[in-house]
Amino acid sequence: MDKRAPERGVKIGAFSRIDWGSDGFRAGLLQLMKEKFEAEGVHFVVLAGGLVSGKALKFELKEYLRGAKPADKGWMTEEFLEEQAGQLANYLPRIKSPDPEKSWCTIYIVTSPVFDGKELGPKVAEYLTQKRQDIKYWADVEGVFPTKQVGREITVLTPRTFGFRGEFFSTPVQTTIRRFCQTTRLSLPDLVIVGGYGVDIQKPKGESKVAYVGLPVLSVLYETRTGSENQVGVSVVEYLAGSDISLFRTHHFNDILAREREFINPPDDAPSNQKAIVDAIIKHRGGLTIGLLAHELKRSRKKLRPALEKLVNADAHNGWPGLVLDEGSKKYDFPLQWLQHQLLFKEPGSPRKEYSAVSFGCMHGGSIFTDYKFFLEELPKVILRSGAKILVGAGDFIEGLHHDLILKEVYLGMNYTRQEKFSALVVAEVMVRVFEQRFKEAFKHRKRWNKDELRQIIDDALLNFIYISGNHCEWTVSAGFHPLETFRSFLVDRVDYGINRVLENCGVDVGDLTRLVKSKVVYDHQFTFSDSEIGAGIVHPHMARAKTHSIRPQEVLNFCKDHIVFSANFHTTIAVGEWDSGIGQRKVSQNGTIKTGTGFEDRKLKTVDKYFNFLRFVTQDNRIVMTEVAFYGAPDPAKPLDNDDAVELLRNRFDIKLPFQDS
């Protein structure tokens with residue numbers, strides 16, 4: 001890095017499959033991509049496969065060469081491909097660069113034999129670079145991108161061969177990555193970005209050999225080729241300067257595409273019959289015959305026919321394409337070519353609202369393998385840095401005693417009661433530490449506040465902790481106890497104690513806060529983000545993990561009907577998006593564990609993901625339009641873990657003698 005330049009991170013814009021030449025191409029989506037990338041301030045852009053539709057372009061070329069002499073086919077093919085590149089050069093937008101020394105971001109193209117074709121796509125890409133200085137044809141199948149700003153290496157992959165289908169989103173992505181890992185002679189990169197499959201997946205390194213992102217497509221999905229395609233949008237990967245933190249954002253366009261015809265309006269001076277016809281076709285999202293139009297509008301064919309003829313013969317102008325009649329089906333519809341090349345999309349003008357939460361699962365309090373120091377030191381930092389007001393606990397707060405764990409993996413003397421109390425202390429420390437920082441920050445700017453104003457500041461500074469039990473927690477049922485009852489009562493008591501000590505040190509007395517603390521500690525499988533209709537679910541499936549990374553998240557989304565779902569139990573971390581035509585974009589944040597692994601998992605050759613997750617999303621009209629995830633982990637310390645510092649911290653904070661310090 002240039003020492004004269006200020007330290008900064010890097011943002012990479014990534015998109016896939018504009019599929020030039022196919023029915024799914026939409027110039028309007030490219031304009032949305034431009035708006036998002038410029039608003040984000042990306043430093044460079046990567047198109048990961050699908051510059052053209054090799055299948056569609058091959059058919060067009062065949063028609064173009066029909067009747068040509070064999071001797072002319074060579075130069076005519078080159079002429080055709082150069083013409084395609086010339087048209088693409090006009091449609092691919094230039095992205096403004098945040099670098100004052102550059103006008104435009106560089107757009108790097110990585111083609112795919114599966115989607116671009118073995119020869120046509122690369123050739124169009126080469127011609128494109130001759131017509132635009134801001135475009136570079138970087139590679140076929142595999143492109144390597146070192147980032148000078150943060151010293152990370154990113155590899156962009158596209159499918160080389162085709163032949164894998166399935167209902168699970170990560171199947172083709174994992175196959176592509178596995179083939180890459182098996183054949184590369186280079187050291188594995190910090191991140192792999194996989195294009196072509198129409199997914200929204202983010203996974204950190206751990207269970208997976210490499211961290212990876214699966215990209216949405218930027219075209220209309222009329223059909224699925226792998227069974228995984230569901231997402232339309234663009235992605236941004238951000239590496240923060242001076243840290244190991246990476247943020248993964250996806251801007252979702254499915255909802256806009258679902259109503260693309262609503263952006264078409266008949267001319268203002270059109271007669272009522274014509275406007276009614278246009279409205280009916282828009283409403284049905286497809287062409288209609290004159291008979292269906294007559295039935296829909298309750299008007300005679302005789303009255304509709306002159307209006308239809310005028311609409312068919314009308315010139316396209318001012319955002320109006322006119323209609324076309326398909327002779328085969330006798331349906332009247334908008335011309336596809338106009339939808340592809342002329343239609344512009346507009347996002348809702350309604351206010352954008354932002355929500356966030358930090359989540360964790362499988363802390364397994366009482367286990368000798370849990371990294372309490374990591375949890376106590378890093379989790380409050382993430383919550384404070386992100387500004388999150390919600391902390392989600394997705395189950396397994398205790399290690400439990402089944403399977404003779406007390407003989408192998410539990411601190412001496414930690415029965416169920418002590419495990420629940422100890423776990424409560426760990427969570428209480430996080431809540432109190434966050435409260436202390438937030439309250440003191442607000443309090444130092446005080447002038448004169450009455451008790452009601454102070455109580456509101458206390459309310460704002462205290463986290464909302466929403467949690468459920470896990471299968472380990474529920475082992476207490478066989479002993480005749482409700483899971484986490486001791487955990488909850490002790491947590492409320494210690495948080496109450498801890499925040500009162502903070503207030504005393506600040507010279508503040510607002511009376512009893514127990515009721516407020518109780519309202520902040522909630523056991524519930526569902527909740528709604530405040531001031532929204534966005535529902536969230538918390539689940540802890542009593543199931544084992546699967547080798548296909550997205551199986552469990554997809555099953556969770558299928559079971560829960562909420563927009564956002566937090567899950568845990570598999571000790572692996574991943575975020576997966578899915579679009580539903582009913583409620584729109586959805587996202588599951590699957591949490592790993594706070595353990596460093598166990599003898600049980602080691603013997604089964606299972607690698608665990610020691611992470612907690614951050615999720616942020618933006619809505620418009622109660623539909624999710626952007627999601628952002630980040631995973632926070634740390635290298636495992638040496639085993640056996642030395643948790644003495646963590647224990648001492650808890651003892652001092654809450655003035656209590658911990659169970660495994662008993663004589």
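The values are calculated or read from the model by the stated rules, or taken from the named source; none is laboratory data. What you see is a predicted model; the values in this text were computed from it and never measured. So basically every Cβ, Gly included, is an ideal-geometry build from the backbone, and we count neighbours across all protein chains shown.
Taking the criterion of being modelled with pLDDT under 75 and either over 15 Å from Phe374 (Cα atoms) or basic (Lys, Arg) (or both), the residues of the stretch 640-657 that qualify are Asp655, Ile656, Lys657. Residues that are within 41 Å of the chain's Cα centre (by Cα) and not hydrophobic (A, V, I, L, M, F, W, C) within the stretch 290-317 comprise Glu296, His317, listed in sequence order. Residue pairs whose Cβ atoms lie under 7 Å apart, sitting 6 or more positions apart in sequence or on different chains, and linking a residue in the stretch 76-104 that is surrounded by 14 or more Cβ atoms within 10 Å (Cβ to Cβ) to a partner that is polar (S, T, N, Q) and not in a helix (DSSP H, G or I), are Ser97/Ser103; Trp104/Ser97. Taken as a whole, the condition of being of a type in the set (S, T, N, Q), exposed (fewer than 15 other Cβ atoms within 10 Å of the Cβ), modelled with pLDDT under 90 and in a loop (DSSP other than H, G, I, E, B) applies to Ser350.
I'd like the full set of residues that are over 15 Å from Phe612 (Cα atoms) and among the charged types (D, E, K, R), limited to the stretch 373-428. If the condition is that a residue be over 15 Å from Phe612 (Cα atoms) and among the charged types (D, E, K, R), then Lys389, Glu399, Asp404, Lys408, Glu409, Arg418, Glu420, Lys421 are the ones that fit. Only residues that are surrounded by fewer than 21 Cβ atoms within 10 Å (Cβ to Cβ) and polar (S, T, N, Q) were counted in the stretch 209-229, giving 1. The lone criterion from (1) modelled with pLDDT under 95; (2) within 26 Å of Phe490 (Cα to Cα) left unmet by Asn613 is number (1).
Checking the structure you have, find out if any residue of the stretch 273-288 is closer than 30 Å to Val358 by Cβ, hydrophobic (A, V, I, L, M, F, W, C) and either in contact with a Cys (Cβ under 9 Å, 6 or more places away or on another chain) or modelled with pLDDT of 85 or more (or both). Within the stretch 273-288, not a single residue is closer than 30 Å to Val358 by Cβ, hydrophobic (A, V, I, L, M, F, W, C) and either in contact with a Cys (Cβ under 9 Å, 6 or more places away or on another chain) or modelled with pLDDT of 85 or more (or both).
Test Lys520 against the criterion of being touching a residue at least 12 places away in the same chain (Cβ under 8 Å), among the basic types (Lys, Arg) and more than 25 Å from Leu463 (Cα to Cα), and give yes or no. In short, no.
Residue-by-condition table, conditions (1) surrounded by fewer than 16 Cβ atoms within 10 Å (Cβ to Cβ); (2) among the acidic types (Asp, Glu); (3) over 30 Å from Lys11 (Cβ atoms):
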position: His251; (1), (2), (3): no, no, no
position: Phe263; (1), (2), (3): yes, no, no
position: Asp268; (1), (2), (3): yes, yes, yes
position: Asn273; (1), (2), (3): no, no, yes
position: Lys283; (1), (2), (3): yes, no, yes
position: Leu293; (1), (2), (3): no, no, yes
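Scanning the stretch 315-346 for residues that are in a loop (DSSP other than H, G, I, E, B) and in contact with a strand residue (DSSP E or B) (Cβ under 7 Å, 6 or more places away or on another chain), we see that the one that is farthest from Arg259 (Cα to Cα) is Leu323.
For the stretch 135-169, taking the residues that are in contact with an Asp or Glu (Cβ under 9 Å, 6 or more places away or on another chain) and among the acidic types (Asp, Glu), the one that is surrounded by the fewest Cβ atoms within 10 Å (Cβ to Cβ) is identified as Glu153. I want to confirm something. Restricting to the stretch 247-265 and keeping residues that are closer than 15 Å to Ser581 by Cβ and assigned to a loop (DSSP other than H, G, I, E, B), which single residue is modelled with the highest pLDDT? Going through the qualifying residues, I end up with Phe253.
Candidates are the residues of the stretch 313-329 that are surrounded by 13 or more Cβ atoms within 10 Å (Cβ to Cβ) and at pLDDT 85 or above; the one that is farthest from Pro266 (Cα to Cα) is Leu325.
Between Leu65, Leu51, the distinction of being within 16 Å of Trp138 (Cβ to Cβ), in the same structural domain as Thr106 (by TED's automatic domain parsing) and touching a helix residue (DSSP H, G or I) at 6+ places or on another chain (Cβ under 8 Å) belongs to Leu51 only. Within the stretch 102-127, restricting attention to residues that are touching a Phe, Trp or Tyr at 6+ places or on another chain (Cβ under 6 Å) and in a helix (DSSP H, G or I), the residue that is farthest from Gln84 (Cα to Cα) is Val114. Whenever a residue of the stretch 395-416 is assigned by TED's automatic domain parsing to the domain that holds Thr486 and under 18 Å from Phe490 (Cα atoms), its partners that are of a type in the set (Ser, Thr, Tyr) and buried (at least 19 other Cβ atoms within 10 Å of the Cβ), lying with C-beta atoms within less than 6 angstrom and at least six residues away or across chains, give the pairs Gly395/Ser469; Phe397/Ser423; Ile398/Ser423; Glu399/Ser367; Tyr416/Thr476.
Going by what's in this entry, would Val432 be described as buried (at least 23 other Cβ atoms within 10 Å of the Cβ), aliphatic (A, V, I, L, M) and in contact with a Ser or Thr (Cβ under 7 Å, 6 or more places away or on another chain)? So Val432 does not fit the description; no.
Scanning the stretch 400-425 for residues that are surrounded by 23 or more Cβ atoms within 10 Å (Cβ to Cβ) and assigned to a loop (DSSP other than H, G, I, E, B) gives Gly400, Met414. For the stretch 359-399, the set of residues classified as closer than 22 Å to Lys520 by Cβ, among the small types (Gly, Ala, Ser) and outside any strand (DSSP E or B) consists of Gly361, Ser386, Gly387, Ala388, Gly395, listed by residue number. Scanning the stretch 466-516 for residues that are outside any helix (DSSP H, G or I), surrounded by 20 or more Cβ atoms within 10 Å (Cβ to Cβ) and either in contact with a Cys (Cβ under 8 Å, 6 or more places away or on another chain) or not hydroxyl-bearing (Ser, Thr, Tyr) (or both) gives Ile466, Ile468, Gly470, His472, Pro483, Leu484.
Inside the stretch 46-61, residues that are in contact with a Phe, Trp or Tyr (Cβ under 6 Å, 6 or more places away or on another chain) and surrounded by fewer than 24 Cβ atoms within 10 Å (Cβ to Cβ) make up a count of 1. Criterion first (at positive phi and modelled with pLDDT under 95) does Gly498 satisfy it? It is false that Gly498 is at positive phi and modelled with pLDDT under 95. Taken as a whole, the condition of being of a type in the set (A, V, I, L, M), part of a strand (DSSP E or B) and closer than 22 Å to Thr627 by Cα applies to Val156.
Scanning the stretch 616-658 for residues that are of a type in the set (S, T, N, Q), surrounded by fewer than 17 Cβ atoms within 10 Å (Cβ to Cβ) and touching a residue at least 40 places away in the same chain (Cβ under 8 Å) gives Gln620, Asn622.
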